[in-house]
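Undergrad: Input: one structure, supplied below.
The values are calculated or read from the model by the stated rules, or taken from the named source; none is laboratory data. In this text, all values refer to a predicted model and were calculated from it rather than measured experimentally. We place every Cβ from the backbone using ideal geometry, glycine too, and count neighbours over all the protein chains shown.
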Amino acid sequence: MADFIKKIANIDRRYIFILIALTVIIPLLFPIGMPVTETKEVMAVYDYIEKLPQGSAILVAMDYDPAALAEVYPMTLAVFHHAFSRKIKVVGMTLWNTGAALGELAMREAAGDIARVGEDYVYLGYVVGDVNVIMRMGEDISAVYPTDYGGKPLAESPMMKGIKNYKDIALIVDIAAGATPELWVAYAGDMFKKDIAVGCTAVSAVGYYPFLNTKQIIGLIGGMKGAAEYEKLVKSRGTATAGMDSQSIAHILIILLIIIANISYFVMRRKDKLLKKA
Amino acid sequence: MGTVIGVWIAAGLTLCVYSFLYKDNPFYKFAEHLYVGVSVGYTIAITWHQAIVRLIWYPIKSEGNYTVLIPTVIGLLMFSRFIPKYRWLIRYPLAFMIGVSAGASIPRTMRSFVFEQMGATLAPFTTVNAIVIIIGVLVTLIYFYFSFEHKGPVGVVSKVGIMFLMVSFGAGFGYTVMARISLLIGRAYFLLHDWLHIVR
Amino acid sequence: MKLRVPLILCFLCGLLMIVQFFIPHPPFTNMYEKLLDWAIIISIFTIVIGLSSLIKLHYTRIARKTPERPYSVVVFVGMAVMATVGIINGVNGKEFEWLFKNVQVPMQATMFSLLAFFIASAAYRAFRARTLEATLMLVAAIVVMFARVPIGSFLWQHIMPDSVLQWRENLPEDVAGWIFNVPSMAARRAILLGVSLGAVATSLKIMLGIERSYTGSGE
């Protein structure tokens with residue numbers, strides 16, 4: 001028995017890799033359809049955008065790279081889908097250079113046939129500078145972005161005629177793979193008294209609860225689960241919802257692995273103690 | 001046709017990277033180095049169009065604004081790094097940028113991350129949660145104060161601080177597992193849906 | 001001159017940014033906007049520093065004929081193709097977008113997805129309830145992993161009797177929510193306070209010229 005437990009504890013990690021792969025692939029092939037329950041943090045973002053009057057403008061900062069795509073891209077599409085369906089104008093931009101091309105892809109995909117570039121949305125692209133860009137946009141967006149991502153002067157976009165700086169923006173949504181939400185909170189939210197909503201990877205989400213508590217951010221969409229919740233709220237079935245069954249089963253597997261590992265640890269420890277006594 | 005070839009190339013590169021799970025091999029090394037090269041090339045192209053053309057060339061060409069040449073010249077001093085005799089010139093653009101960001105951060109960090117957070121912690125202690133929060137913040141801060149030894153009452157308090165930290169790190173670990181599995185789900189979905197078309 | 005002027009420049013730029021925070025009126029706002037515009041343009045050229053290190057590393061590998069040199073050639077070919085296509089055809093051109101979508105995105109996304117396997121393996125090998133603190137961490141992690149995915153509420157609502165569900169419709173979610181919003185938030189707030197005060201201290205040291213690492217070595 002002890003030998004068996006020792007073998008289990010020292011199993012080749014490639015068997016664990018195979019198990020993880022199976023728990024992800026099988027639910028994708030044979031979906032279970034477990035319902036996604038919404039959390040307060042995600043509902044807060046949804047409710048805020050839902051209550052905005054038609055014709056308002058929101059700024060969506062897509063501060064991520066392809067590494068975080070699976071988590072943040074679905075929530076980006078869901079937020080755009082929500083805004084476009086409510087006739088809310090969207091100004092898109094990014095502080096990450098790898099987000100530049102991704103932002104363009106996201107806006108075009110979400111816009112589809114329901115939103116037109118220049119009238120319903122504008123994509124500004126990327127400029128180096130992080131904090132400097134955030135602060136400067138608070139005074140004049142066109143000072144940092146004289147043209148849109150494609151090189152068209154901002155003054156030629158009908159939508160941007162009424163949008164000069166943060167005063168003309170109802171909500172800033174930062175969808176991030178890194179620490180940019182903190183920058184938006186400090187340099188845009190608190191400086192210009194603007195409401196900030198955050199979408200982020202699950203890894204970073206834990207760190208933003210202090211800002212949720214102080215209401216420095218109005219809501220938080222965390223990870224693929226948060227994206228699935230938002231997809232449910234806007235009634236669109238995207239890749240986040242499709243992945244939730246795999247997420248659930250993989251988590252159960254990892255919990256079982258941890259429990260098995262700890263049982264084997266305690267059994268081996270007890271055996272060693274008994275041997276020492278003897 | 002371009003889309004189909006693109007998906008097959010993407011799938012091939014994905015499998016090259018996953019081959020690392022068996023062991024390090026030339027396919028993985030090829031994909032890894034290709035990724036590094038393409039990422040750098042991407043950065044060069046984006047910087048050229050989004051920054052240099054947009055912020056330097058466009059203001060000069062369309063608005064006749066030649067003042068942008070002053071920061072451009074200061075920025076070009078970064079290249080002095082390659083000439084040993086004039087390497088010290090790089091200090092000017094660095095001093096400018098670091099001075100601006102240091103000065104910008106001091107009052108704004110104090111307001112947003114210190115005063116706001118402290119104010120929320122000292123909220124009315126009318127609920128159990130509010131009491132737990134203030135205790136948690138204080139004991140964790142005491143744990144991180146290493147200027148006196150963690151013995152006696154301070155030792156006990158800092159141990160409670162460690163417990164709050166462990167709960168937080170455990171929650172963080174749970175969410176980290178979720179994040180990593182999500183990334184794998186994203187790639188699996190691409191392979192099964194976009195490449196093999198066996199998932200709807 | 002070589003050291004003193006940059007230090008004075010750093011101090012003056014920082015001072016202006018601080019003064020503008022407290023006096024957001026002309027002439028400080030005009031100077032502040034100009035500083036930001038200049039800082040944005042200057043920071044474009046920081047790409048030089050990153051690029052030069054990478055090029056030097058791989059060029060050295062090729063020049064010294066190391067066994068890794070074919071891969072360094074791959075780096076340069078990838079860099080040249082992507083940069084050329086992007087600069088000539090534009091970053092919103094079809095070719096650049098095709099290369100980005102089918103070459104860069106899959107590789108970057110897949111590299112990071114490898115972590116899913118390693119985190120499972122690491123959790124199996126290393127996550128042990130050896131001490132009270134480790135047990136707390138383990139329990140919190142398991143609660144979050146169970147509750148924050150659909151299976152948590154699914155199992156709770158299908159296993160528990162109605163009387164329990166009337167008391168708490170979704171206890172796993174409530175417990176996870178409490179963990180995030182109370183004890184975890186308290187610890188993270190303390191970390192945020194400590195890190196922020198440290199950052200402010202470092203910024204002050206930089207402005208006052210006490211911290212000079214950005215000036216490099218030499219006169």
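Residue by residue, here is whether (1) part of a helix (DSSP H, G or I); (2) more than 9 Å from every other protein chain (Cβ to nearest Cβ); (3) on the phi < 0 side of the Ramachandran plot holds:
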site	(1), (2), (3)
A:Val122	no, yes, yes
A:Ile134	yes, yes, yes
A:Ser142	yes, yes, yes
A:Trp184	yes, yes, yes
A:Val198	no, yes, yes
A:Val206	yes, no, yes
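Undergrad: Here's a follow-up. Against the conditions (1) among the aromatic types (Phe, Trp, Tyr); (2) more than 7 Å from chain B (Cβ to nearest Cβ); (3) surrounded by fewer than 18 Cβ atoms within 10 Å (Cβ to Cβ), where does C:Phe146 fall short? Just the number, please.
TA: All conditions are met except number (3).
Undergrad: Any residue in the stretch A:90-109 that is without any contact (Cβ under 8 Å) to a residue 12 or more places away in the chain and at the interface with another protein chain (Cβ under 10 Å from one of its Cβ atoms) sitting within a Cβ distance under 8 Å of a residue that is among the β-branched types (Val, Ile, Thr) and crowded, with 23+ Cβ neighbours inside 10 Å? List the pairs, counting only those 6 or more apart or interchain.
TA: A:Ala101/B:Ile46; A:Ala101/C:Val91
Undergrad: Look at B:Ala188 and say whether it is part of a helix (DSSP H, G or I) and within 7 Å of another protein chain (Cβ to nearest Cβ).
TA: In short, yes.
Undergrad: Going by what's in this entry, would A:Tyr73 be described as touching a helix residue (DSSP H, G or I) at 6+ places or on another chain (Cβ under 9 Å), aromatic (Phe, Trp, Tyr), farther than 25 Å from A:Leu154 by Cβ and away from chain B (no Cβ under 14 Å)?
TA: It is false that A:Tyr73 is touching a helix residue (DSSP H, G or I) at 6+ places or on another chain (Cβ under 9 Å), aromatic (Phe, Trp, Tyr), farther than 25 Å from A:Leu154 by Cβ and away from chain B (no Cβ under 14 Å).
Undergrad: What pairs can you find where one residue is in the stretch A:7-26 and over 11 Å from B:Ile185 (Cα atoms), the other is among the basic types (Lys, Arg) and assigned to a helix (DSSP H, G or I), and their Cβ atoms are less than 8 Å apart, with a gap of 6+ or different chains?
TA: Going by the 8 Å Cβ cut-off, the qualifying pairs are A:Arg13/C:Arg125.
Undergrad: Also, quick follow-up: Show me the helices (runs of 4 or more DSSP H) entirely contained within the stretch C:1-117 in which 1 or more residues are surrounded by 19 or more Cβ atoms within 10 Å (Cβ to Cβ) and acidic (Asp, Glu).
TA: Output list reads C:28-44, C:94-99.
Undergrad: Working carefully through the options B:Ala123, B:Ala179, find the one that is assigned to a helix (DSSP H, G or I), within 13 Å of chain A (Cβ to nearest Cβ) and either among the aliphatic types (A, V, I, L, M) or in contact with a Gly (Cβ under 6 Å, 6 or more places away or on another chain) (or both).
TA: B:Ala179
Undergrad: Cβ-Cβ distance below 8 Å, separation of 6 or more or different chains: which pairs start in the stretch A:28-40 with a residue that is without any contact (Cβ under 8 Å) to a residue 12 or more places away in the chain and over 22 Å from C:Trp178 (Cα atoms) and end on one that is among the β-branched types (Val, Ile, Thr) and surrounded by fewer than 19 Cβ atoms within 10 Å (Cβ to Cβ)?
TA: A:Leu29/B:Ile198; A:Leu29/B:Val199
Undergrad: A further question on this structure: Which is closer than 26 Å to A:Arg14 by Cα, more than 7 Å from every other protein chain (Cβ to nearest Cβ) and aliphatic (A, V, I, L, M), of C:Ala116, C:Ala126, C:Ala120?
TA: C:Ala126
Undergrad: Enumerate the helices (runs of 4 or more DSSP H) found wholly within the stretch B:1-63, keeping only those where 3 or more residues are hydrophobic (A, V, I, L, M, F, W, C), crowded, with 22+ Cβ neighbours inside 10 Å and touching a helix residue (DSSP H, G or I) at 6+ places or on another chain (Cβ under 9 Å).
TA: Once the helices (runs of 4 or more DSSP H) in the stretch B:1-63 are filtered for at least 3 residues that are hydrophobic (A, V, I, L, M, F, W, C), crowded, with 22+ Cβ neighbours inside 10 Å and touching a helix residue (DSSP H, G or I) at 6+ places or on another chain (Cβ under 9 Å), what remains is B:2-18, B:26-46.
Undergrad: Further question on the same structure: Hey, A:His82 hits all of (1) away from chain B (no Cβ under 14 Å); (2) in contact with a strand residue (DSSP E or B) (Cβ under 9 Å, 6 or more places away or on another chain); (3) at pLDDT 95 or above but one; which does it fall short on?
TA: Failing condition for A:His82: (2).
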